[in-house]
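Asks: Attaching a single structure in structure tokens format; questions to follow.
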Amino acid sequence: MAIYEIEQSQKSPTNTKGPIKWVLDNLVATPTHVIFSFLILGLLYITIPPFITWAIIDANFIGTTKASCTGDGACWVFIIHKMDFFIYGFYPESEIYRINWVFGLSIIFLLLFKYTGKTFKAKIALFSLFPIIAYFLITGGSFGLVEVPTDKWGGLMLTLIISSIGIVVAMPVGIILAFGRQSKLPIIKSFSIVYIEFVRGVPLITILFMGSVILPMFFPEGMTFDKLLRVLIVVTLFQAAYVAEVIRGGLQAIPKGQYEAADSEGLSYWQKMLIIILPQVIKVSIPNLVGNAIGLFKDTTLVLIIGLFDLLTMVGLTSIDSHWTGFATEGYVFVGFIFLIFCSGLSRYSKVLEDRLNTENR
Amino acid sequence: MFTNLYINIEARGIKTGFSFLNERAGFDISESPIAYNANSSFLDSFIVGIANTLYVSIFGIVFSTILGVIIGIARLSKIFLVSKLASTYIEVFRNTPLLLQILFWYNVVLVALPNPKQSIQLGADMILNNRGFSVPRPIMEEGFSFVIIAFFASIALVVYLSKVAKRKFEKTGVNTFLLPWNILILFSIPLLVYVIAGNPLSFDDPVLQGFNYKGGMTYTPEFLALAFSLSIYTATFTAEAVRSGIEAVDIGQKEASSDLGLSAYQSLKLVILPQAIRIALPPIISQCLNVVKNSSLAAAVGYPELVTIFSGTALNQTGQAIEIILMTMSVYLCISLIISLVLNYVNKKLEIKGR
């Protein structure tokens, strides 16, 4: 009778798993791998260490004036010193707390929005309450707050105001335009098509010029029209055309049976569109809608050309300050970094949203 | 509303109509591919603007497509560092505004270049300094037209040869490998004609005179900043289109083609690419329209294209905002119309036929 002994389990050989296997597979698997890997390591070697030296090792962080920046590296003192300017623009220093309130409130409202669950009415209420409160806090002129005219607004705050209003208001306008494009009424249909194709065919900057130069001519003399308001209208109308195109793509993805089923349930046109079709359209359009929102967020920098003081304008303005000349590089890197964080954050969030809304294959 | 418009126009003493186009413009344009001076009319400045817009756009389209295709393929590479580098590139340049990139190159990088006396020499007679990038200007002498004719003739020959090869392939199934022959034809025939015609091409080299380089062809910093950022920015979108096109091809297609005994090159050329192109090409073409539209950001650095010259300088001089902005917009609309016609044509060509 044979006695079988249980064999001791052996450790797996190092060349089938672990870091060594990873290096073998991903860096040096074939001669081509080796060549490319070394080329890129070389490229990284000549770019990354100098950048780190400039941005961190040789950089100055502490101080109050230009004299504090002694090293060869970046002068982050400049950014820290001008931080208020980058975030709030020319907003009066004594009133800045109001903007901070708005920033704080936006976080509180977002959390409330998230944890109100599925109560639709509460969400609508929250969604409409926040802009009203934010409007009174930022403009002032009532409830004992000092009025701050819009030409004092600037920096990150202005960038966020323009892009969030543009993104939010353009949604319903764009949805209506997309419905209009599918309409059977020839006037509505042709108007929607012409509008969408016209706006998508010209650069934003020409539309901004139109808003700043031509639009005032259509109003009676003496009626002044706030520059920021004009930009907001123009940006919203611009974005609406792009939203309409995305929604149209979504509409095309909805099977015909959905329309027919809604019709046979006896729903009216608006009931059919808003209750049955739109929720499905939004679901499939999320990635493109967020992509467009990111595009608009980047495009708000164009208001620089018609003379509003957005985040990017601040780099130019601060770098011509006679006490702080020569720090444009730091300014551009800082502002670029802010945009990078916001945009890649948004696109990551869109991936999460996409997965959550994907009700198939659960 | 329109009565308001009339009252406003009269109150401001602005003329209406398009008669201003024939008036003397009275401003200079720093760079122009066609003859232009301060005595030219506003219509001429309009044309110069369109020409410069197209010039910088074509640069942007060509370089962004080349760069985008490379980055898009690199993104899918099995080599870890290559794909990581490509995705970092896409992440960084896609998520920062184009205007910021233009201003960065213009105000930070190009300003930091040395002055003309300490210029950086790149190869023979290519000079980079803070006044721009100077290269020799080719001058076509008598007889050069023969070289051009020879070049087109060799293209026709190549097209004819590949048609013959295709017919032979369909008839007999024998594949003729034409690529080296085609390259030989494309290079040798024009070169031969060039030599026979007696070297009819000379170069006007840039030469340092006083404080700046004279002669040659100089790309201004404005042009460089714009063309460079347009290419780099748009390449990220092209790369994403290329990547999603290749990824969209079912993995079974690749496996099936290797089961049929096709080599890696054959399977890429005959099976994968034809399917990937169908998905990737439409978004790449619409990126061309975006390059044209984004070239209008030149207004921020003052490169004299359509928006800078016409909606900027000419508008300030005449005050005829409505006419000028409508003209500017209609140029972009025409370009976008042409591009969407091309797109429709391509879509129709690439459609899967039959089934």
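The values are calculated or read from the model by the stated rules, or taken from the named source; none is laboratory data. It should be emphasised that the depicted structure is a prediction, and the values quoted were computed from it without experimental measurement. Note that each Cβ is placed from the backbone with ideal geometry, even for glycine, and that neighbours are counted across all protein chains shown. Note: areas computed on protein heavy atoms with side chains; ligands, DNA, RNA excluded. Shrake-Rupley method; radii C 1.70, N 1.55, O 1.52, S 1.80 Å.
Asks: Comparing B:Leu201, B:Leu268, B:Leu157, which has the greatest mean-square fluctuation in the GNM of chain B with Cα pairs linked when under 10 Å apart?
Replies: Highest fluctuation of the listed residues: B:Leu157.
Asks: By the scheme Lys and Arg +1, Asp and Glu -1, what is the net charge of all other residues having a beta-carbon under 15 Å from that of A:Ile277? Before the final figure, lay out each step's value.
Replies: Values: positive: A:Arg181, A:Arg248, A:Lys256, A:Lys272, A:Lys283; negative: A:Glu260, A:Asp263, A:Glu265.
So the environment of A:Ile277 carries a net charge of +2.
Asks: How big a patch of accessible area, both sides summed and in Å² to the nearest 100, lies buried between B and A at a 1.4 Å probe? Display every interim value, and only then the final one.
Replies: Values: alone 21460 and 22910 Å², together 40360 Å².
Between B and A, the summed buried area is about 4000 Å².
Asks: If a/c stays under 1.5 just call it rounded; otherwise compare a/b with b/c (prolate if a/b is bigger, oblate if not). Do that for chain A, with a ≥ b ≥ c from the square roots of the Cα gyration tensor eigenvalues.
Replies: It comes out oblate by the Cα gyration axes.
Asks: Separate question: Share of the range A:1-138's accessible area from carbon and sulfur, percent, 1.4 Å? Each step should come with its number before you reach the end.
Replies: Details: 7410 of 10390 Å².
On the range A:1-138, the fraction of accessible area on carbon and sulfur atoms equals 71 percent.
Asks: Further, regarding this structure: Using 5 Å bins from zero, what percent of all Cα-Cα pairs in the range A:19-58 falls into each bin?
Replies: 6, 23, 17, 16, 14, 12, 10, 3
Asks: What is the average number of partner chain Cβ atoms found within 10 Å of a Cβ in A:26-33? Don't skip to the answer; put the middle values down first.
Replies: Values: counts 7, 3, 1, 3, 2, 0, 4, 6.
For peptide A:26-33, the averaged partner shielding equals 3.
Asks: With an 8 Å Cα cut-off and a minimum separation of 6 or more residues, compute the relative contact order for chain B in percent.
Replies: Working: 434 pairs, mean separation 86.3, N = 355.
That works out to 24 percent.
Asks: So, R0 is 60 Å and r is the distance between the beta-carbons of B:Leu186 and A:Leu24; what FRET efficiency does that work out to, to 0.05?
Replies: Numbers: r = 42 Å, r/R0 = 0.71.
With a Förster radius of 60 Å, E is 0.90.
Asks: Enumerate the calculated ³J(HN,Hα) couplings along the range B:344-350 in order (Karplus 6.51 cos²θ - 1.76 cosθ + 1.60, θ = phi - 60°), each rounded to whole Hz, writing x wherever the residue is Gly or Pro.
Replies: For the range B:344-350, the Karplus curve yields 4, 4, 5, 4, 5, 5, 8 Hz.
Asks: From Cα pairs below 8 angstrom and at least 6 apart in sequence, can you work out the relative contact order of chain A, rounded to a whole percent?
Replies: Working: 331 pairs, mean separation 60.3, N = 362.
Relative CO of chain A lands at 17 percent.
Asks: Moving on. Over chain A, with the other protein chains present, what is the accessible area per residue in square angstrom, probe 1.4 angstrom?
Replies: Numbers: 20940 Å² over 362 residues.
Per-residue accessible area for chain A comes out at 58 Å².
Asks: Under a 10 Å cutoff between Cα atoms, tell me which one of B:Lys117, B:Lys293, B:Lys269 has the largest fluctuation in the Gaussian network model of chain B.
Replies: B:Lys269
Asks: Output the lone cysteines of the protein assembly as shown: those with no second cysteine's C-beta under 4.7 Å from their C-beta.
Replies: A:Cys343, B:Cys288, B:Cys334
Asks: D for the range A:5-101, whole µm²/s, Stokes-Einstein with Kirkwood Rh over alpha-carbon pairs at 20 °C and 1.002 mPa s: what number? Provide the component values of the computation, followed by the final result.
Replies: Working: Rh = 18.9 Å.
My calculation gives 113 µm²/s for D.
Asks: Something else: Percent relative contact order of the range B:97-256, based on C-alpha pairs within less than 8 angstrom and at least six residues apart?
Replies: It rounds to 32 percent for the range B:97-256.
Asks: What percentage of the solvent-accessible surface of the range B:65-165, computed with a 1.4 Å probe over protein heavy atoms, is contributed by carbon and sulfur atoms?
Replies: Numbers: 3830 of 5440 Å².
After summing per-atom areas, the C and S share lands at 70 percent.
Asks: Kindly sort B:Ser40, A:Ser164 by accessible area of their heavy atoms, largest first, with the probe set to 1.4 Å. It would help to have the intermediate numbers written out before the result.
Replies: Working: B:Ser40 20, A:Ser164 55 Å².
These residues rank, largest area first, as A:Ser164, B:Ser40.
Asks: Can you work out D for the protein assembly as shown in µm² s⁻¹ from Stokes-Einstein, where Rh is the Kirkwood radius over C-alpha pairs, the temperature is 4 °C and the viscosity is 1.567 mPa s? Mind dumping the intermediate values first?
Replies: Working: Rh = 30.1 Å.
In µm²/s, the coefficient is 43.
Asks: Could I ask something else about it? Mind checking which helices in chain A clear 30 Å along their axis (Cα) and have mean Kyte-Doolittle hydropathy of 0.5 or more, DSSP H runs only? Intermediate values should be presented prior to the final figure.
Replies: Numbers: long enough: A:31-52 (31 Å, 1.75); A:155-182 (40 Å, 1.84); A:227-253 (40 Å, 1.21); A:328-357 (43 Å, 0.73).
Membrane-span-like by this rule: A:31-52, A:155-182, A:227-253, A:328-357.
Asks: Something else about it: For chain B, what does -39500 (n - 2.57) per DSSP helix run (n ≥ 4), summed and divided by total residues, give at 222 nm, in deg cm²/dmol to the nearest 500? It would help to have the intermediate numbers written out before the result.
Replies: Numbers: 12 runs with 210 residues, N = 355.
Roughly -20000 deg cm²/dmol at 222 nm, from the helical runs in chain B.
Asks: Rounded, prolate or oblate: which fits the range A:93-147, taking a ≥ b ≥ c as square roots of the Cα gyration tensor eigenvalues, rounded meaning a/c under 1.5, else prolate when a/b beats b/c? Please list the in-between numbers first.
Replies: Numbers: a/c = 4.88, a/b = 2.12, b/c = 2.30.
Taking the square roots of the gyration eigenvalues as a ≥ b ≥ c, the range A:93-147 is oblate.
Asks: If you count only protein heavy atoms and use a 1.4 Å probe, how large is the accessible surface of A:His33, to the nearest 10 Å²?
Replies: 20 Å²
Asks: Just flag the GluC sites (Glu not before Pro) in the range A:320-362 sitting in loop per DSSP whose Cβ has no more than 10 other Cβ atoms within 10 Å.
Replies: Details: sites: A:Glu330, A:Glu354, A:Glu360; in loops: A:Glu360.
Passing both the DSSP loop test and the Cβ count: A:Glu360.
Asks: What are the equivalent ellipsoid semi-axes of the range A:237-333, built from the alpha-carbon gyration tensor (square roots of five times its eigenvalues), in whole angstrom, biggest first?
Replies: Numbers: eigenvalues 450, 27, 14 Å².
Each semi-axis is √(5λ); the values are 47, 12, 8 Å.
Asks: OK, next. Can you give me the long-range amide H partners of B:Ser41? Hydrogens built in the peptide plane at 1.01 Å from N, cutoff under 5 Å, separation of 5 or more residues or another chain.
Replies: Here B:Ala25 satisfy the definition.
Asks: Moving on. Can you report the principal axis dimensions of chain B using only the alpha carbons, biggest first, rounded to whole angstrom?
Replies: Largest to smallest, the principal-axis extents are 78, 60, 42 Å.
Asks: In addition: Return the ratio Rg/(2.2 N^0.38 Å) for the range A:316-362, where Rg is computed over Cα atoms only. Intermediate results must be reported in sequence, preceding the final value.
Replies: Numbers: Rg = 19.0 Å, N = 47, 2.2 N^0.38 = 9.5 Å.
With N residues counted in the range A:316-362, Rg over 2.2 N^0.38 Å equals 2.00.
Asks: Considering only Cα-Cα distances, which of the following residue pairs are longer than 19 Å: B:Lys254/B:Lys349; B:Lys166/B:Lys269; B:Lys78/B:Lys254; A:Lys256/A:Lys283?
Replies: Values: B:Lys254/B:Lys349 23 Å; B:Lys166/B:Lys269 15 Å; B:Lys78/B:Lys254 16 Å; A:Lys256/A:Lys283 17 Å.
Those over the limit are B:Lys254/B:Lys349.
Asks: Partner chain Cβ atoms within 10 Å, averaged over the residues of A:332-341 - can you pull that number for me? Don't skip to the answer; put the middle values down first.
Replies: Numbers: counts 9, 2, 0, 5, 8, 1, 1, 4, 6, 1.
If you average over the peptide's residues, the count of other-chain Cβ atoms is 4.
Asks: Just from its helices, what would the mean residue ellipticity at 222 nm be for chain A, if runs of 4 or more DSSP H residues each count -39500 (n - 2.57) and the sum is divided by every residue, rounded to the nearest 500 deg cm²/dmol? Please report the intermediate quantities before stating the final value.
Replies: On the way: 14 runs with 230 residues, N = 362.
Calculated at 222 nm, the ellipticity per residue is -21000 deg cm²/dmol.
Asks: Please go through the range A:149-237 and write out the trypsin sites (Lys or Arg not before Pro) that DSSP classes as loop and that have at most 16 other C-beta atoms within 10 Å.
Replies: Numbers: sites: A:Lys152, A:Arg181, A:Lys184, A:Lys189, A:Arg200, A:Lys227, A:Arg230; in loops: A:Lys184.
When the trypsin sites (Lys or Arg not before Pro) of the range A:149-237 are filtered for loop state and at most 16 Cβ neighbours within 10 Å, A:Lys184 remain.
Asks: Give the span of the range B:161-208's Cα atoms along each principal axis, as three whole-Å numbers ordered largest to smallest.
Replies: 61, 25, 13
Asks: Probe of 1.4 angstrom, ligands and nucleic acids ignored: what's the accessible area per residue over chain B, in square angstrom? Display every interim value, and only then the final one.
Replies: On the way: 19420 Å² over 355 residues.
Here the residues of chain B average 55 Å² of exposed surface.
Asks: Compute and list, largest first, the equivalent-ellipsoid semi-axes of the range B:219-355 from the alpha carbon gyration tensor, each √(5λ) rounded to a whole angstrom.
Replies: Numbers: eigenvalues 361, 63, 14 Å².
Taking √(5λ) for each Cα gyration eigenvalue gives 42, 18, 8 Å.
Asks: Which chymotrypsin sites (Phe, Trp or Tyr not before Pro) does the range A:62-133 hold that lie in a coil by DSSP with at most 11 other beta carbons within 10 Å? Walk me through the intermediate numbers first.
Replies: Details: sites: A:Trp76, A:Phe78, A:Phe85, A:Phe86, A:Tyr88, A:Phe90, A:Tyr97, A:Trp101, A:Phe103, A:Phe109, A:Phe113, A:Tyr115, A:Phe120, A:Phe127; in loops: A:Phe90.
Answer by residue number: there is no such site.
Asks: Another one. Given a Förster distance of 45 Å, report the FRET efficiency between A:Tyr4 and B:Leu260 from their Cβ-Cβ distance, rounded to the nearest 0.05.
Replies: 0.40
Asks: Then there is this: Give me a single rounded figure for A:243-253: the average over its residues of other chain Cβ atoms within 10 Å of their Cβ.
Replies: Details: counts 0, 0, 0, 0, 0, 0, 0, 0, 0, 0, 0.
Across A:243-253, the average partner-chain Cβ count within 10 Å equals 0.
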